[in-house]
Amino acid sequence: MFDPHYPTPLMAGKAAIRSGLEWASGVLQQPGITIRNFWAGENNAAVEVDTHHVMLGGVELNFPQVFVVEWRGGLIVRLQAYTPHSPPPLPAA
């Protein structure tokens with residue numbers, strides 16, 4: 001699982017993923033996601049969402065993101081979040 005918003009963006013294995021999700025549940029007062037678009041294949045899908053979370057303390061976060069999901073045998077084997085940030089600047093010529 002990869003999500004750039006988590007303290008450890010790349011989470012591999014059950015323990016790391018559990019730890020990440022426990023962190024998220026501890027900082028979110030009210031999670032919110034509205035699905036904008038959904039595309040699915042045989043073993044994969046992409047979901048475009050509008051995220052609107054309320055963090056502990058009342059801070060609101062609103063941003064778009066995309067999740068890519070892959071599965072095998074009914075189990076998710078990859079979940080990756082993408083956010084619309086600008087790429088880093090290119091080096092000067």
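The values are calculated or read from the model by the stated rules, or taken from the named source; none is laboratory data. Nothing here was measured: the structure is a model prediction, and the numbers come from that model. Here Cβ is always computed from backbone atoms with ideal geometry, including for glycine, and neighbour counts include all displayed protein chains.
From the set of residues in region 50-67 that are of a type in the set (A, V, I, L, M, F, W, C) and not in a strand (DSSP E or B), which is farthest from Met1 (Cα to Cα)? Don't jump to the end; show me each part of the working.
Just the residues of region 50-67 that are of a type in the set (A, V, I, L, M, F, W, C), to begin with: 54-56, 59, 61, 63, 66-67.
After this cut, where a residue has to be not in a strand (DSSP E or B) as well, the list is 56, 59.
Values: Leu56: 24, Val59: 25 Å.
The qualifying residue farthest from Met1 (Cα to Cα) is Val59.
Within region 48-57, does at least one residue satisfy the condition of being among the charged types (D, E, K, R) and surrounded by 10 or more Cβ atoms within 10 Å (Cβ to Cβ)? Even if it seems obvious, please write down each step before you answer.
Taking region 48-57 and keeping what is among the charged types (D, E, K, R), we get 48, 50.
Next, only the ones that are surrounded by 10 or more Cβ atoms within 10 Å (Cβ to Cβ) stay: 48, 50.
Yes, region 48-57 contains a residue that is among the charged types (D, E, K, R) and surrounded by 10 or more Cβ atoms within 10 Å (Cβ to Cβ).
Within region 27-54, track down each residue that is without any contact (Cβ under 8 Å) to a residue 24 or more places away in the chain and of a type outside the set (A, V, I, L, M).
Taking region 27-54 first, the residues without any contact (Cβ under 8 Å) to a residue 24 or more places away in the chain are 31-35, 37-42, 46-52.
Scanning region 27-54 gives Pro31, Gly32, Thr34, Asn37, Phe38, Trp39, Gly41, Glu42, Glu48, Asp50, Thr51, His52.
Does region 60-74 contain any residue that is at pLDDT below 95 and hydrophobic (A, V, I, L, M, F, W, C)?
Yes, there is a match, as at least one residue in region 60-74 is at pLDDT below 95 and hydrophobic (A, V, I, L, M, F, W, C).
Considering region 71-83 alone, what residues qualify as being in a strand (DSSP E or B) and either of a type in the set (Phe, Trp, Tyr) or more than 18 Å from Ile35 (Cα to Cα) (or both)? Walk me through how you get there before you give the answer.
Initially, region 71-83 is screened for residues in a strand (DSSP E or B), giving 71-72, 75-82.
Within region 71-83, Trp71, Arg72, Leu75, Ile76, Val77, Arg78, Tyr82 qualify.
Can you tell me how many residues in region 1-15 are within 11 Å of the chain's Cα centre (by Cα) and in contact (Cβ under 8 Å) with a residue 12 or more places away in the chain?
Total meeting the criteria: 6.
If the requirement is being surrounded by 10 or more Cβ atoms within 10 Å (Cβ to Cβ), closer than 16 Å to Phe2 by Cβ and more than 12 Å from the chain's Cα centre (by Cα), which of these qualifies: Arg78, Arg18, Arg36? Write out each step before concluding.
Numbers: Arg78 fails: more than 12 Å from the chain's Cα centre (by Cα); Arg36 fails: closer than 16 Å to Phe2 by Cβ.
Arg18 is the lone residue from the list that is surrounded by 10 or more Cβ atoms within 10 Å (Cβ to Cβ), closer than 16 Å to Phe2 by Cβ and more than 12 Å from the chain's Cα centre (by Cα).
Check whether at least one residue in region 36-49 is closer than 14 Å to Tyr82 by Cβ and assigned to a loop (DSSP other than H, G, I, E, B), and report yes or no.
no
Does Ala45 fit the bill of being at pLDDT 95 or above, surrounded by 13 or more Cβ atoms within 10 Å (Cβ to Cβ), out of contact with any Lys or Arg (no Cβ under 8 Å at 6 or more places or on another chain) and farther than 19 Å from Tyr6 by Cβ? Don't jump to the end; show me each part of the working.
Details: at pLDDT 95 or above: yes; surrounded by 13 or more Cβ atoms within 10 Å (Cβ to Cβ): yes; out of contact with any Lys or Arg (no Cβ under 8 Å at 6 or more places or on another chain): yes; farther than 19 Å from Tyr6 by Cβ: yes.
Here the answer is yes, as Ala45 does meet what is asked.
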